[in-house]
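Participant: Handing you a structure now.
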Amino acid sequence: DAGVIQSPRHEVTEMGQEVTLRCKPISGHDYLFWYRQTMMRGLELLIYFNNNVPIDDSGMPEDRFSAKMPNASFSTLKIQPSEPRDSAVYFCASRLTGSYQPQHFGDGTRLSIL
Amino acid sequence: KNEVEQSPQNLTAQEGEFITINCSYSVGISALHWLQQHPGGGIVSLFMLSSGKKKHGRLIATINIQEKHSSLHITASHPRDSAVYICAANKETSGSRLTFGEGTQLTVNP
């Protein structure tokens, strides 16, 4: 069974450009999470969805960040305009409903904003 | 003070040694997670527990709810266990949001 699939694996772009990160959760999983990992701040939750509905977006840094989940098999995280401080590894994870279901992580997207 | 704290930050061991990584939290939780992040960057969920003890192969995770403390043990450590181990808490008041510790970098030398 395929795991969580993220694309692209690496992205290098200039500041001011729009960046779109993509995630395909494991089929049947109804929770989807977006995380950011930096050396300074470690892992942070940005937003999570349940049944395609955003539940908690309190971790989204500012209006430049937006996330959507148009259907159960696809989510995007968009940064517009991008800034050098957005450089990080962005992880997507998904899990089944249930109190004690583990999260399954994608391989991450390493984003560098020049 | 972070709500989830891990110790030590860095740990170096010789192959075969018994390893313990500690996690303390200061909030009410519904579950405590242990994650492993390999040098290549991938993250794997090792355990999720709310009480007692869980075992998977050479890995054992324990939690003491009264003391707000969890430990991850590795028996007969091996160089392939070298990774960052991250403790994360599901706070009672935060739904499915996880609060992460800073991670413990483990290096096991042959």
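Values quoted throughout were computed directly from the atomic coordinates according to the rules given, and no laboratory measurement underlies them. Keep in mind the model is a prediction, meaning the values are calculated, not measured. All Cβ positions, glycine included, derive from the backbone under ideal geometry; neighbour counts span all protein chains shown.
Participant: Quick one: order A:ASP56, A:ASP86 by neighbouring beta-carbon count within 10 Å, fewest to most.
Facilitator: Lowest to highest Cβ neighbour count: A:ASP56, A:ASP86.
Participant: Share of Cα-Cα pairs in chain B beyond 20 Å, in percent?
Facilitator: Pairs farther apart than 20 Å: 35 percent.
Participant: Write down Rg/Rh for segment A:30-96, rounded to two decimals, with Rg from the C-alpha atoms and Rh from the Kirkwood relation over Cα pairs.
Facilitator: 0.96
Participant: Another question, then. Exposure proxy check: A:TYR35, A:TYR90 ranked by fewest other beta carbons within 10 Å?
Facilitator: By the 10 Å Cβ count, ascending, the order reads A:TYR90, A:TYR35.
Participant: Now for a separate question. Would you kindly give the portion of the calculated P(r) for segment A:1-64 that falls above 20 Å, as a percent of all Cα pairs?
Facilitator: 38 percent
Participant: Could you please tell me the mean projected area of the C-alpha convex hull for chain A, averaged over all directions and given in square nanometres to one decimal?
Facilitator: 6.8 nm²
Participant: Show me, for segment B:55-65, the HN-Hα J-couplings you get by feeding each phi into the Karplus relation (A = 6.51, B = -1.76, C = 1.60, θ = phi - 60°), rounded to Hz, glycine and proline as x.
Facilitator: After applying 6.51 cos²θ - 1.76 cosθ + 1.60, I find 9, 9, x, 8, 9, 9, 10, 10, 9, 10, 5 Hz.
Participant: Sticking with this structure for a sec: Report, in debye and to the nearest 20, how large the dipole of chain B comes out about its Cα centre when Lys and Arg carry +1 and Asp and Glu carry -1 on their Cβ.
Facilitator: 280 debye
Participant: Now a separate question. May I ask for the Kirkwood hydrodynamic radius of segment B:16-59, worked out over all distinct Cα pairs and given in angstroms to one decimal?
Facilitator: Result for segment B:16-59 stands at 12.5 Å.
Participant: Using the Karplus curve 6.51 cos²θ - 1.76 cosθ + 1.60 with θ = phi - 60°, work out ³J(HN,Hα) for each residue of segment A:85-93 in order, rounded to whole Hz, and write x for Gly and Pro.
Facilitator: 6, 7, 4, 5, 9, 10, 10, 10, 9
Participant: For the residues A:MET60, A:MET69, A:MET39, what sequence is obtained by ranking on other C-beta atoms within 10 Å, fewest first?
Facilitator: A:MET39, A:MET60, A:MET69
Participant: If you don't mind, there's one more thing I want to ask. Among B:GLY101, B:CYS23, B:ILE60, which residue has its Cα positioned farthest towards the positive end of the charge dipole of chain B, with +1 placed on the Cβ of Lys and Arg, -1 on the Cβ of Asp and Glu, and the dipole taken about the Cα centre?
Facilitator: B:ILE60
Participant: Across bins of 5 angstrom width beginning at 0, how are the C-alpha pair distances of the protein assembly as shown distributed, in whole percent?
Facilitator: 1, 7, 14, 19, 18, 17, 12, 8, 3, 1, 0
Participant: Okay, next question. Which net charge results when you count Lys and Arg as +1 and Asp and Glu as -1 among the other residues whose beta-carbon is under 15 Å from that of B:HIS73?
Facilitator: Taking every Cβ under 15 Å from that of B:HIS73, the sum is +2.
Participant: Semi-axes, largest first, in whole Å: what does sqrt of 5 times each Cα gyration tensor eigenvalue give for segment B:53-110?
Facilitator: They are 25, 14, 9 Å, listed from largest to smallest.
Participant: To continue, here is another question. Along its principal axes, what span do the Cα atoms of segment B:1-41 show, with the longest given first and each in whole Å?
Facilitator: Ordered largest first, segment B:1-41 gives principal extents of 36, 21, 19 Å.
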